[in-house]
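I have a structure I would like to understand better, so I am pasting it below and will then ask my questions one at a time.
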Amino acid sequence: MANILVVGGSKGIGAALIETLLPENTVINLSRTAPSITHPNLTHNDFDVLQDDIPLFEDVQAIVYCPGSINLKPITSLKTEDFQADFEINVLGAVKIIQKYARKLKKQENASVVLFSTVAVQQGMPFHASVAAAKGAIEGITKSLAAEFAGAVRFNCIAPTMTRTSLAAGILKNEEAEQRIAQRHPSKMINEAEDVAALVQFLLSPSSKNITGQILGIDGGMSTLKP
C-alpha cells in the first residue's frame, strides 16, 4: 500500500484517479473542493496551490499533479495575463509541490511523480499557444528532473487528447461536438477520465519501475499517426 499525494483530485482525471487508487492505497488530496467520494483511506485538505502554504505530509511515495487549464484563443486575442495564468497553474504550481517534497521523495522506495501535458505540444494545434507553451514547459521539466533524480525518483508525464471532464464541458457540449472531435483521432474516440487514471496508476506502480523521463501520449494516435 502506497501513500500517494494527489493535487487537484476533486474533479475530472484527478477524481477518477482517486477512485482508481482506492482502497489499495492511501490517498491525500489537495484541492479547493472536496472529492465526491469518501473512504477511510482518503484524506482531503482544502488547498489553493497558487495561494496557500503547501502542507508537508510524512511518507509520501508518489505525487500526481492534476491542475490544468483549457484556454483556447487566437494569438491576437491572448493577453500577457493569459500566458501568465496558464504558466502559474500548470507549471509553477507543480514546481512548488515538487520542491516541497523532493527531499522526502528521495528517501522512499519506488518514488514517482506524474505530471500532465497535452497532445497539442507535439501535434501543433491552432488556438493552443498559451496552454501549449505551459505544457511544453512541463514536458521539459519532466525530462530534466528525471535526469536530476535518476535512480531515486521517477518522473513521467502523460499527454492526453481531449478527455471527457468538466474542464472540457464547454467543448464537448453535445453529442454532435463529441462525434466531430472523435473523428479527428485515428482511434475515432476521445478519452474517458478513467482511461487516463489507469495509465497514472500504472506509472505509480512497481510494474513501471524502469520507466522514467517519458512523455506518454494517450491521444488515440493523434500525435503519431496519419491514417
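From the list V49, V64, pick out the single residue that is among the aliphatic types (A, V, I, L, M), under 22 Å from K209 (Cα atoms) and in contact with a helix residue (DSSP H, G or I) (Cβ under 9 Å, 6 or more places away or on another chain). Break it down stepwise before answering.
Values: V49 fails: under 22 Å from K209 (Cα atoms).
The conditions single out V64.
Give me the pairs: first residue in the range 124-135 and at negative phi and free of Cβ contacts under 8 Å to residues at least 60 places away in the same chain, second residue among the β-branched types (V, I, T) and exposed (fewer than 15 other Cβ atoms within 10 Å of the Cβ), beta-carbon distance under 7 Å, and six or more apart or on different chains, which are they?
A129/I75
Restrict the check to the range 111-118 and report whether at least one residue is part of a loop (DSSP other than H, G, I, E, B), within 13 Å of the chain's Cα centre (by Cα) and among the β-branched types (V, I, T). Working first, answer last.
In the first step, residues of the range 111-118 are kept if they are part of a loop (DSSP other than H, G, I, E, B); the result is 117-118.
Then keep just the ones that are within 13 Å of the chain's Cα centre (by Cα); that gives 117-118.
If we keep only those that are among the β-branched types (V, I, T) too, we end up with 118.
Checked against the condition, which is being part of a loop (DSSP other than H, G, I, E, B), within 13 Å of the chain's Cα centre (by Cα) and among the β-branched types (V, I, T), the range 111-118 yields at least one hit.
Quick test of your reading of the structure: G68 fulfils all but one of (1) of a type in the set (G, A, S); (2) part of a loop (DSSP other than H, G, I, E, B); (3) crowded, with 19+ Cβ neighbours inside 10 Å; (4) free of Cβ contacts under 8 Å to residues at least 60 places away in the same chain. Name the failing condition by number.
(4)
Would you mind finding the one in G12, G8 that is in contact with a Gly (Cβ under 7 Å, 6 or more places away or on another chain) and under 20 Å from T165 (Cβ atoms)? Step through it out loud before you land on a result.
On the way: G12 fails: in contact with a Gly (Cβ under 7 Å, 6 or more places away or on another chain).
Result of the check over G12, G8: G8.
So, in the range 201-222, exactly how many residues are surrounded by fewer than 19 Cβ atoms within 10 Å (Cβ to Cβ) and in a loop (DSSP other than H, G, I, E, B)?
Here the count works out to 7.
Which one of these does A15 not meet: (1) out of contact with any Leu (no Cβ under 8 Å at 6 or more places or on another chain); (2) without any contact (Cβ under 8 Å) to a residue 60 or more places away in the chain; (3) not β-branched (V, I, T)?
Tallying (1) out of contact with any Leu (no Cβ under 8 Å at 6 or more places or on another chain); (2) without any contact (Cβ under 8 Å) to a residue 60 or more places away in the chain; (3) not β-branched (V, I, T), A15 fails exactly one: (2).
Continuing with this model, one more query. Please work out if Q108 is over 17 Å from the mean Cα position of the chain (by Cα) and in a loop (DSSP other than H, G, I, E, B).
Numbers: over 17 Å from the mean Cα position of the chain (by Cα): yes; in a loop (DSSP other than H, G, I, E, B): yes.
Taking the combined requirement at face value, the residue satisfies it.
Out of everything in the range 101-127 that is under 17 Å from P67 (Cα atoms) and touching a Leu at 6+ places or on another chain (Cβ under 8 Å), what residue ends up being surrounded by the fewest Cβ atoms within 10 Å (Cβ to Cβ)?
V114
Still on this model: Can you tell me which residue in the range 26-65 is surrounded by the most Cβ atoms within 10 Å (Cβ to Cβ), limited to those that are polar (S, T, N, Q) and outside any loop (DSSP other than H, G, I, E, B)? It would help to see each step written out before you state the result.
Taking the range 26-65 and keeping what is polar (S, T, N, Q), we get 26, 29, 31, 33, 36, 38, 41, 43, 45, 51, 61.
Filter again for outside any loop (DSSP other than H, G, I, E, B), leaving 26, 29, 31, 43, 45.
On the way: T26: 20, N29: 26, S31: 22, T43: 14, N45: 13.
Within the range 26-65, the match that is surrounded by the most Cβ atoms within 10 Å (Cβ to Cβ) is N29.
Hey, can you tell me all the residues within the range 193-218 that are touching a Pro at 6+ places or on another chain (Cβ under 8 Å) and either of a type in the set (A, V, I, L, M) or closer than 15 Å to T165 by Cβ (or both)?
Pass one, the range 193-218, residues touching a Pro at 6+ places or on another chain (Cβ under 8 Å): 196, 217-218.
Within the range 193-218, V196, I218 qualify.
OK, next. List the residue pairs whose Cβ atoms are under 8 Å apart, where the first residue sits in the range 138-165 and is in contact (Cβ under 8 Å) with a residue 24 or more places away in the chain, the second is part of a helix (DSSP H, G or I) and among the polar types (S, T, N, Q), and the two are 6 or more positions apart or on different chains.
Qualifying pairs under 8 Å: I138/N90; R154/S208; F155/T142; N156/T142; N156/S208; C157/T142; A159/Q122.
Each value in this text was obtained by applying a stated rule to the coordinates, not by laboratory testing. A quick note: this is a predicted structure, and the numbers were derived from the prediction, not measured. When we count neighbours, we look across all protein chains shown, and the Cβ atoms used for this are built from the backbone with ideal geometry, even at glycine.
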